[in-house]
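Before we start, here is the structure in question, set down as structure tokens.
The values are calculated or read from the model by the stated rules, or taken from the named source; none is laboratory data. Fair warning: this is a prediction, and the values are worked out from it, not measured in the lab. Quick reminder, even Gly has a Cβ in these numbers, built from the backbone with ideal geometry, and neighbours come from all protein chains shown. Each accessible area value is taken on the protein alone, full model and side chains, heavy atoms only, with ligands, DNA and RNA left out. Shrake-Rupley method; radii C 1.70, N 1.55, O 1.52, S 1.80 Å.
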Amino acid sequence: HDLKESAVALLKQRMANSQYWGFKDPRTAKLVPFWQDVFATLNVQDSYIIALRNPLASARSYQSLSGCDLEEALLLWLMHLVPAINDTQGKNRVVVSYEMMLQDPQMQLSRIKIGLDLPDLTDSAEIDAYANEFLDKKLRHFEANLEELKTHPAASVAPLCVKVYSLLMRLAKDEIKFDDQAFISGWQDIREELAKVYPIYNYINTLLKRNKQLERKIRTTHKSILWKMLYPLRVIDDMLRARRRKQREQKRLIKVYE
């Protein structure tokens, strides 16, 4: 309740002098129901831009920032895109390809304007500045195509990424619409397939959380004064352990070939 009150106050402040306001945060994809409750309280109309990037390129980018495994990053991509679609049904929404935005920003801005039924809020000079100055194609350090995604070994852990990306790219290219039977049936197949593997994904997530907790404990231990004081003794202990392992291995070999 307290969080909702804070969110309501925030939106009131942000929209005090404007009829249109928006915000961008990838984590919002998993908090859509919370925000929709806030929007309903304020009686504002909510619309959604669903950003779509090749999951392999997205995973590589996240891996470079967090140091996580590529497989984990692919699962995170999937677990953000699915609720972004499921929780925005019946709303004004448009899927925008990250790659296509960089290639032709004016075209994608036009798609957003039409898809969300927005009036002309920005003059052409500001649009040109956004397209030619703000967007920097050199910042796209990680690229991947659909074929590379299909054949990459990491994608075998989350094969649904291929299906989700392929279907949503058809929306991004305006080949189909959300209310077309091709999307409805395709998305239903994805939801059914995800339901079958979700317990496995959930268990993987539990193990990843447990591993991160252990890593934090290890880092804390390594920073302690006692750990640093005992460093010479640990070096000696490691040497003795290695020597004992070598001796055991030699005895095993002698016994085998007697």
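Could you calculate the contour length gain from residue 114 to residue 12, that is, 0.36 nm times the residue separation minus the distance between their Cα atoms, to one decimal place in nm? Each step should come with its number before you reach the end.
On the way: separation 102, 0.36 × 102 = 36.72 nm, distance 2.60 nm.
34.1 nm is the gain from fully extending residue 114 to residue 12.
Sticking with this structure for a sec: Is there a quick way to get the dipole size of the range 131-217? I mean about its Cα centre, with the Cβ of Lys and Arg at +1 and of Asp and Glu at -1; what is the value in debye to the nearest 20?
Details: 15 positive and 13 negative charges, 138 e Å.
Around 660 debye, computed over the range 131-217.
Further question on the same structure: Scan (i) 1, 6, 10, 12, 11, 8, 6, 5, 4, 3, 3, 3, 4, 4, 4, 4, 3, 3, 2, 2, 1, 1, 0, 0; (ii) 1, 5, 9, 12, 13, 13, 12, 9, 7, 5, 4, 3, 3, 2, 1, 1, 0, 0; (iii) 1, 6, 13, 17, 19, 17, 13, 8, 4, 2, 0, 0 for the value of P(r) over Cα pairs in 5 Å bins from 0, in percent calculated from this model and give just the label.
(ii)
So, one more: Before I look further, what does the chain give for accessible area per residue, probe 1.4 Å, in whole square angstrom? Don't skip to the end; give the middle numbers.
Numbers: 17930 Å² over 258 residues.
I get 69 Å² per residue for the chain.
Let me ask something else. Please state the charge dipole magnitude for the chain, taken about the Cα centre, from unit charges on C-beta atoms (+1 on K and R, -1 on D and E), reported in debye and rounded to the nearest 20.
2460 debye
I want to check the label-to-label distance for residue 20 and residue 213. Put each point 7 Å from Cα in the C-beta direction and report it in nm to one decimal.
4.6 nm
Pairs to check: 217/251; 30/150; 212/251. Give those whose C-alpha atoms are more than 28 Å from each other in this structure. Let's see the in-between values first.
Working: 217/251 38 Å; 30/150 26 Å; 212/251 39 Å.
Too far apart for the 28 Å limit: 217/251; 212/251.
Once you place label points 7 Å from the Cα toward the Cβ at residue 107 and residue 65, how far apart are they in nm?
My value for the distance between the label points is 2.7 nm.
Still on this structure, I have one more. Quick check: at a probe of 1.4 Å, how many percent of the accessible area of the range 145-258 sits on carbon and sulfur atoms?
On the way: 5260 of 9080 Å².
Ligands and nucleic acids excluded, carbon and sulfur reach 58 percent.
How much net charge surrounds residue 68 when only other residues with a Cβ under 13 Å from its Cβ are counted (Lys, Arg +1; Asp, Glu -1)? Intermediate values should be presented prior to the final figure.
On the way: positive: 60, 209, 212; negative: 69, 71, 72, 215.
Taking every other residue near residue 68 into account, the sum is -1.
Is it possible to state the helix-based mean residue ellipticity at 222 nm for the chain, with each DSSP H run of 4+ residues giving -39500 (n - 2.57), the sum divided by total residues, to the nearest 500 deg cm²/dmol? What is it? Provide the component values of the computation, followed by the final result.
Values: 12 runs with 169 residues, N = 258.
Calculated from helices alone, the mean residue ellipticity at 222 nm is -21000 deg cm²/dmol.
Starting at the first residue of the range 18-29, write each ³J(HN,Hα) from the Karplus equation 6.51 cos²θ - 1.76 cosθ + 1.60 with θ = phi - 60°, in whole Hz, x for Gly and Pro.
Whole-Hz 3J(HN,Hα) from phi for the range 18-29: 8, 7, 10, 7, x, 9, 10, 7, x, 5, 4, 4.
Relative to the longest principal axis of the chain, what angle (0 to 90°, nearest 10) does the C-alpha long axis of helix 231-256 take?
With both axes taken from Cα atoms, the answer is about 70 degrees.
Can you give the angle from 0 to 90° between the axis of helix 2-14 and the longest principal axis of the chain, with both taken from C-alpha atoms, to the nearest 10?
Between helix and principal axis, roughly 50 degrees.
Give, in nm to one decimal, the length gained when the segment between residue 181 and residue 31 is fully stretched (0.36 nm per residue of separation minus the Cα-Cα distance).
Full-extension gain reported as 51.3 nm.
Next up: Give me the dipole magnitude in Debye, nearest 20, for the range 113-258 about the Cα centre, with unit charges on the beta carbon: positive for Lys and Arg, negative for Asp and Glu.
Working: 29 positive and 22 negative charges, 524 e Å.
Here the range 113-258 has a charge dipole of around 2520 debye.
Separate question: Report the local net charge at residue 212: Lys and Arg +1, Asp and Glu -1, summed over other residues whose C-beta lies under 14 Å from its C-beta.
Values: positive: 209, 210, 216, 217, 219; negative: 69, 72, 215.
Charge balance near residue 212 sits at +2.
What figure, in Å² to the nearest 10, do you get for the accessible area of residue 124 with a 1.4 Å probe and non-protein molecules left out?
Its heavy atoms expose roughly 80 Å² to the probe.
Roughly how many percent of the accessible protein surface of the range 25-121 is carbon and sulfur, given a 1.4 Å probe and a whole-percent answer?
Numbers: 2530 of 4780 Å².
In the range 25-121, the share of accessible area belonging to carbon and sulfur is 53 percent.
Could I ask something else about it? Considering only C-alpha atoms, what is the centroid distance from the range 89-114 to the range 147-192, in Å?
Using only Cα atoms, the two centres lie 17 Å from each other.
To the nearest 10 degrees, how steeply does helix 70-86 sit against the main Cα axis of the chain, on a 0 to 90 scale?
30 degrees
Evaluate the relative contact order of the range 55-182 (contact order divided by residue number), counting alpha-carbon pairs under 8 angstrom at least 6 apart; express in whole percent.
Averaging sequence separation for qualifying contacts and normalising by length gives 34 percent for the range 55-182.
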